[in-house]
Amino acid sequence: EDFPKSEIPAHIGISPDTEAADPNAMDTGSEIKSKKKYHIDTVSLNYPKKDMDVETYMKDGMIDNWDIFEKVMDYSYKKLIQSESEQHPVLFSECPWNKKDRREKICEIMFEKYNVPAFFLVKNAVLAAFANGRSTALVLDSGSTHTSAIPVHDGYVLQHAIVKAPLGADFLTTQCQNFLQDQKLEIVPPYMIAGKRESAEGEAAKWDKKTKSTRGDQIMA
């Protein structure tokens, strides 16, 4: 296949549990104790909800929050794969600077919680080289938090030659945001607009911004 069947963002929404169950939130069985709802995947995450915080389980290309990671894995098996984890071997990619304790932790989760028959961790730079038909390559990777140059020789990463800089898409986004603020331009997401009014040609747009009480009424409706 040329592309994955599904993609899940590394960010998820977390909101307080309420008496009225949200159909878009996944019940993994632990929400009763934690009193939290986890909103996973693009559709559920992008829909505004009252008191929802957005968090991620990744930091510097490595798993940092194992509780959230397990929620995403539960969602993947239940909603996407829709099959028992014991029936499928699993391959995970990892950043070349992943630490030993994190590798041991993910192996422990996959074997002891999900009972997978086989599990393999491979460097993402090696996969990128193989995907382009090469076992030796220089892989440039620019993500949200960092940019790296990783040499691969005969299918193995040369750890001592990795070059990494903490500049990525998040930094560029921040720079663009600062530029817009300096120009006194306000970026308003669609869900914050209560209504629009007709304006003449060349005239500034006329619209009404949702207030906190209005958003609360809409979310509870």
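The values are calculated or read from the model by the stated rules, or taken from the named source; none is laboratory data. What you are looking at is a predicted structure, and each value in this text was computed from that prediction instead of being measured. We place every Cβ from the backbone using ideal geometry, glycine too, and count neighbours over all the protein chains shown. The area values use the complete protein model at the heavy-atom level, side chains included, leaving out ligands, DNA and RNA. Shrake-Rupley method; radii C 1.70, N 1.55, O 1.52, S 1.80 Å.
If you scan the stretch 71-91, which residues turn out to be under 17 Å from the mean Cα position of the chain (by Cα) and open to solvent by 40 Å² or more (accessible area, probe 1.4 Å)?
Lys79, Leu80
Could you tell me which residue of the stretch 191-205 is least open to solvent (accessible area, probe 1.4 Å), considering only residues that are touching a strand residue (DSSP E or B) at 6+ places or on another chain (Cβ under 9 Å) and hydrophobic (A, V, I, L, M, F, W, C)?
Met192
Evaluate the stretch 155-174: report whether one residue or more is under 30 Å from Glu1 (Cα atoms), in a strand (DSSP E or B) and in contact with a strand residue (DSSP E or B) (Cβ under 7 Å, 6 or more places away or on another chain).
yes
I need every pair where a residue in the stretch 82-101 that is closer than 19 Å to Tyr114 by Cα and small (Gly, Ala, Ser) has its Cβ under 6 Å from the Cβ of a residue that is open to solvent by less than 90 Å² (accessible area, probe 1.4 Å) and part of a helix (DSSP H, G or I), sequence separation at least 6 or different chains.
Close Cβ pairs satisfying both conditions: Ser85/Tyr77; Ser93/Asn124; Ser93/Leu127.
List the number of the failed condition for Lys100; all other conditions in (1) among the basic types (Lys, Arg); (2) within 19 Å of Glu55 (Cβ to Cβ); (3) open to solvent by 70 Å² or more (accessible area, probe 1.4 Å) hold.
Only one criterion in (1) among the basic types (Lys, Arg); (2) within 19 Å of Glu55 (Cβ to Cβ); (3) open to solvent by 70 Å² or more (accessible area, probe 1.4 Å) is unmet by Lys100, namely (2).
Name the pairs whose Cβ atoms lie under 9 Å apart, with the first residue in the stretch 168-190 and surrounded by 10 or more Cβ atoms within 10 Å (Cβ to Cβ), the second among the charged types (D, E, K, R), and 6 or more positions between them or separate chains?
Leu180/Glu186; Val188/Lys209
Of the residues Lys164, Lys123, which is of a type in the set (Lys, Arg) and touching a residue at least 40 places away in the same chain (Cβ under 8 Å)?
So the residue among Lys164, Lys123 that is of a type in the set (Lys, Arg) and touching a residue at least 40 places away in the same chain (Cβ under 8 Å) is Lys164.
Would you say Arg197 is under 25 Å from Pro96 (Cβ atoms) and basic (Lys, Arg)?
Here the answer is no, as Arg197 does not meet what is asked.
Against the condition open to solvent by less than 70 Å² (accessible area, probe 1.4 Å), aliphatic (A, V, I, L, M), more than 24 Å from the chain's Cα centre (by Cα) and at pLDDT 95 or above, how does Val139 come out, does it pass?
no
Just need a number here: residues in the stretch 16-49 that are modelled with pLDDT of 85 or more and farther than 16 Å from Val72 by Cβ.
Of the residues in the stretch 16-49, 1 are modelled with pLDDT of 85 or more and farther than 16 Å from Val72 by Cβ.
Being within 21 Å of Lys59 (Cα to Cα) and either touching a Gly at 6+ places or on another chain (Cβ under 7 Å) or open to solvent by less than 30 Å² (accessible area, probe 1.4 Å) (or both) is the requirement here; does Val116 meet it?
no
State all residues of the stretch 144-176 that are touching a helix residue (DSSP H, G or I) at 6+ places or on another chain (Cβ under 7 Å), small (Gly, Ala, Ser) and under 20 Å from Arg103 (Cβ atoms); if no residue qualifies, say none.
Passing the criteria: only Gly155.
Test of understanding: among Ile109, Ile187, Ile150, which residue is outside any loop (DSSP other than H, G, I, E, B) and in contact with a Leu (Cβ under 9 Å, 6 or more places away or on another chain)?
Answer to the check: Ile150.
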